Amino acid sequence: MNPQPAQPVIDTHVLLRDGDKLLLSQRGSPYGYGRWHMPSGKLDQGETLSCGAARELFEETGVEVEPGHLRLVQVVHHRQSEGVERPPTGEGNPSTGSPRSVWGCGGSV
């Protein structure tokens, strides 16, 4: 896997539910500062959607989920600038276990 963003740019968004609760976090970076959002981020080159969503969920929240427990629920093509589309994805159930190497995504979180 290459830590460079995939082309076209692909964002993953994870809806993480626990009953009627939904996990959100508040943005601290300049983009959308202070706004609430789902754990999300850009897919790396050569990374699958489920592995990228699991990685971003872990990086932003510390919650580990096996990529196989995620399921695609929505694809949105959004033209941010000429030639760049950003389809978001993802829903899953949290699980315990080791990060990416056990999940079959390669590398470490």
Given H placed 1.01 Å from N in the peptide plane, which residues other than close sequence neighbours of Gly41 have an amide H under 5 Å from its amide H? Thr12
Rounded, prolate or oblate: which fits the stretch 5-50, taking a ≥ b ≥ c as square roots of the Cα gyration tensor eigenvalues, rounded meaning a/c under 1.5, else prolate when a/b beats b/c? oblate
Phi to ³J(HN,Hα) by Karplus 6.51 cos²θ - 1.76 cosθ + 1.60 over the stretch 44-52, Hz, x for Gly, Pro: 7, 4, x, 8, 6, 4, 5, 5, x
Interchain or long-range residues, amide H under 5 Å from Leu16's placed H: Leu23
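We did not get these values from a lab; they are worked out from the coordinates using the rules stated. Keep in mind that this is a model prediction, so the values were computed, not measured.
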